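Enquirer: I am attaching a structure below and will ask some questions about it afterwards.
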Amino acid sequence: MAANYRFGRTLLTLILFVLPISVCAAFDNDQGTEAHATLHAADRFPSALECRECHPRQYREWAVSQHAYAQISPVFNAMHGTILKLTNGTNGDFCIRCHTPVGMNLGEPLFTGNENRHQISREGVTCISCHRVNRNYGKISGRLALLEGGVQQRVYGPLGNERLEQVLCKGSGFRVERERIHEEIEQSFYITRPGFCGSCHDVTLVNGFLLSVASFISATCSLDSEFL
Ligand code: HEC
Ligand code: HEC
Ligand code: HEC
Ligand code: HEC
């Protein structure tokens, strides 16, 4: 009787305390791995959410733009998946590298659910897709090697250090967390030129065929046949 009672008590203890702890440990472990992966990715490529802290106006403009929608668009994902299937994968990263430059720089799979991608990859054409580009790539159809590093790493902008120095100057009246700001801002002569946008907006095939021009011509032709 006493032995049965002891057995029952041990079983109860196991069910009430030990099992939940081991389940929690397994759960924590999964969450821990995921949290580490996210942190590691953030060390290489910061999210727009980090930039928002000091640039709320630019963040608001970006967040409602098509750039923020580029990778989460279901139409894009369906078309990209279909094209990969029809070409047996030989289309490679052609479609997706413009729609998520960070995802491709992180070496993510070409086709997978967005829930398996990093937060920053889901952000599509995010801040650093333009502000961590350290050379003028020209008509590259979106194959951009983004500069890596946490949020304090150098960014590229229209004015360079000029305004940063004003903000950091003693008595400027600005209150910013110094250690979280970019160490340096490099002036980028190309970021304000149309050609910079063309590195993604001018879709060029490997043989030099201008896809964007073709779409423009076919759109004009269909308009012609419909209205003329
Ligand atoms: C890294 C690639 C990339 C760069 C660089 C880029 N874009 Fe884009 N842009 C895109 C993609 C991809 C879309 C489409 C997103 C979607 O709707 O899925 C887009 C969409 C847009 C749209 C919305 C178009 C519409 O029909 O709704 C505008 C406007 C735009 N970009 C302007 C610019 C300007 C201006 C620049 C240069 C300062 C620029 N883009 C640089 C990739 C880029
Ligand atoms: C060189 C960069 C680049 C490549 C390569 C590219 N896109 Fe895009 N994509 C863009 C830009 C830029 C836009 C916005 C065009 C505009 O509205 O003026 C866009 C818009 C779109 C849109 C409409 C908006 C949306 O997200 O629903 C779809 C769908 C799309 N692309 C699918 C594809 C597919 C499929 C491929 C591969 C065959 C592809 N793209 C290859 C840059 C690119
Ligand atoms: C498609 C490319 C692109 C993306 C994405 C983008 N920017 Fe910019 N950004 C530019 C360009 C181009 C300029 C220069 C505008 C000018 O002065 O002609 C600029 C200017 C700026 C400036 C200087 C002040 C100003 O507004 O002119 C800040 C700060 C800035 N961006 C922050 C951000 C942040 C933060 C994000 C993300 C939330 C972001 N940008 C996303 C292209 C981009
Ligand atoms: C802790 C604050 C802080 C954070 C976080 C921050 N910035 Fe800045 N940034 C500044 C300050 C201060 C300036 C200088 C004043 C200005 O130009 O608005 C600046 C300026 C800029 C400029 C303008 C450069 C130019 O040439 O005029 C760009 C572009 C920029 N930041 C991009 C980013 C991006 C992208 C991120 C996220 C990866 C980011 N910033 C995160 C504080 C910050």
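Enquirer: Using beta carbons and a limit of 9 Å, which pairs, at least six apart or on different chains, have the first residue in the range 61-79 and near ligand 1 (Cβ under 10 Å from one of its atoms) and the second one at pLDDT 95 or above and of a type in the set (Asp, Glu)?
Expert: Close Cβ pairs (under 9 Å, with a partner that is at pLDDT 95 or above and of a type in the set (Asp, Glu)) amount to HIS67/GLU123; ALA68/GLU123; ALA70/GLU123; GLN71/GLU123; ILE72/GLU123.
Enquirer: Additional query: Which members of the range 121-180 meet the condition of being aromatic (Phe, Trp, Tyr) and either surrounded by 18 or more Cβ atoms within 10 Å (Cβ to Cβ) or in contact with a Cys (Cβ under 7 Å, 6 or more places away or on another chain) (or both)?
Expert: Hits for the range 121-180 are TYR137, TYR156.
Enquirer: Turning to a different aspect of this structure: Restricting the search to the range 175-197, which residues are without any contact (Cβ under 8 Å) to a residue 60 or more places away in the chain and part of a helix (DSSP H, G or I)?
Expert: If the condition is that a residue be without any contact (Cβ under 8 Å) to a residue 60 or more places away in the chain and part of a helix (DSSP H, G or I), then ARG178, GLU179, PRO194, GLY195, CYS197 are the ones that fit.
Enquirer: Moving to a separate point now. Based on what the data block shows, is ARG143 within 16 Å of ligand 1 (Cβ to nearest atom) and either of a type outside the set (Gly, Ala, Ser) or free of Cβ contacts under 8 Å to residues at least 40 places away in the same chain (or both)?
Expert: Taking the combined requirement at face value, the residue satisfies it.
Enquirer: Follow-up question, since we're still on this one. Just one of the numbered conditions (1) more than 23 Å from PHE111 (Cα to Cα); (2) in contact (Cβ under 8 Å) with a residue 60 or more places away in the chain is not true of GLN31; which one?
Expert: Result: GLN31 fails condition (2) only.
Enquirer: Can you tell me which of ARG52, ARG60 is near ligand 3 (Cβ under 9 Å from one of its atoms), under 20 Å from GLY149 (Cα atoms) and either in the same structural domain as VAL206 (by TED's automatic domain parsing) or exposed (fewer than 12 other Cβ atoms within 10 Å of the Cβ) (or both)?
Expert: Sole residue among the options that is near ligand 3 (Cβ under 9 Å from one of its atoms), under 20 Å from GLY149 (Cα atoms) and either in the same structural domain as VAL206 (by TED's automatic domain parsing) or exposed (fewer than 12 other Cβ atoms within 10 Å of the Cβ) (or both): ARG52.
The values are calculated or read from the model by the stated rules, or taken from the named source; none is laboratory data. Predicted model only: the values in this text are computed from it and were never measured. Cβ atoms come from the backbone with ideal geometry, glycine included; neighbour counts cover every protein chain shown.
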